[in-house]
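Engineer: Supplied in structure tokens, the structure appears directly below.
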Amino acid sequence: MNLNLRVLTPNRVVWDSEVQEIILSTNSGQMGVLPNHIGMVTALDIGVMKIRLNVQWSTMALMGGFAKIDNDEITLLVNNAERGMDIDLQEAQENFRLAIADRARAEGKREAIEADVALKRARTRLEAADAILFINQ
């Protein structure tokens, strides 16, 4: 039995195919979804989604949004998404390093919040790119 997964951003369809299992980062923690999952809608956090297709796992960096699960149909409406295999690891490492430096220089509450979000996005991209190396070895 399979799940139909669609990942949609405002500009494009990132994923539209069957999968066996996914693991999502929600605002209340990680959540696994298998066939016959209860129907629900949940908010998605900035984080890495893991996707199992047959015996292979892949990753996707999600930048927040919403998930609707209903009758083995999963639709993710996200602000942005990138497949882990499409992320340049060296670029992700450099962006993460820059985000850490920006966070250290942030002054005031607003700058700190913006720097924290940028750091979380950079960390998510790095984790998605890096995880693909370990998952498929």
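Engineer: For the stretch 25-36, give me each residue that is outside any loop (DSSP other than H, G, I, E, B) and within 14 Å of the chain's Cα centre (by Cα).
Structural biologist: S25, T26, G29, Q30, M31, G32
Engineer: Turning to a different aspect of this structure: What residue, among those in the stretch 61-84 that are acidic (D, E) and closer than 13 Å to I22 by Cβ, is farthest from the chain's Cα centre (by Cα)? Can you show your working first?
Structural biologist: First, the residues of the stretch 61-84 that are acidic (D, E): 70, 72-73, 82.
Imposing the further condition that a residue be closer than 13 Å to I22 by Cβ reduces the set to 72-73.
Values: D72: 20, E73: 18 Å.
For the stretch 61-84, the residue satisfying everything is D72.
Conditions tested, residue by residue: (1) more than 15 Å from the chain's Cα centre (by Cα); (2) more than 20 Å from L119 (Cβ to Cβ).
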site	(1), (2)
I38	yes, yes
M49	no, no
T59	no, no
D86	no, yes
I100	yes, no
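Engineer: What strands (runs of 3 or more DSSP E) lie completely within the stretch 50-97 and have 2 or more residues being within 17 Å of Q30 (Cα to Cα) and not aliphatic (A, V, I, L, M)?
Structural biologist: Qualifying strands (runs of 3 or more DSSP E): 56-70.
Engineer: May I pose another question? May I ask you to list the residues in the stretch 102-125 that are out of contact with any helix residue (DSSP H, G or I) (no Cβ under 6 Å at 6 or more places or on another chain) and either in the same structural domain as L44 (by TED's automatic domain parsing) or not in a helix (DSSP H, G or I) (or both)?
Structural biologist: E107
Engineer: While we're here: Just to be sure before I move on: is I22 assigned to a strand (DSSP E or B) and either closer than 14 Å to A128 by Cβ or among the hydrophobic types (A, V, I, L, M, F, W, C) (or both) in the structure I sent?
Structural biologist: The answer is yes for I22.
Engineer: Quick check: is even one residue across the stretch 83-90 farther than 29 Å from N4 by Cβ, surrounded by 19 or more Cβ atoms within 10 Å (Cβ to Cβ) and not assigned by TED's automatic domain parsing to the domain that holds Q30?
Structural biologist: No - not one qualifying residue is present in the stretch 83-90.
Engineer: Still on this structure, please answer the following. So, in the stretch 26-65, exactly how many residues are free of Cβ contacts under 8 Å to residues at least 40 places away in the same chain, touching an Asp or Glu at 6+ places or on another chain (Cβ under 8 Å) and crowded, with 18+ Cβ neighbours inside 10 Å?
Structural biologist: The qualifying residues number 1.
Engineer: Let me ask you something else. Looking at E73 and the list (1) within 26 Å of P35 (Cα to Cα); (2) at pLDDT 95 or above; (3) in contact with a helix residue (DSSP H, G or I) (Cβ under 9 Å, 6 or more places away or on another chain); (4) surrounded by fewer than 16 Cβ atoms within 10 Å (Cβ to Cβ), which single condition is not satisfied?
Structural biologist: (3)
Engineer: Please go through the stretch 10-25 and give me each residue that is under 15 Å from G64 (Cβ atoms) and surrounded by 13 or more Cβ atoms within 10 Å (Cβ to Cβ), ordered by number.
Structural biologist: V14, L24, S25
The values are calculated or read from the model by the stated rules, or taken from the named source; none is laboratory data. Owing to the predicted nature of the structure, the values given are computational and were not obtained by experimental measurement. Backbone-built Cβ (ideal geometry, glycine too); neighbour counts: all protein chains shown.
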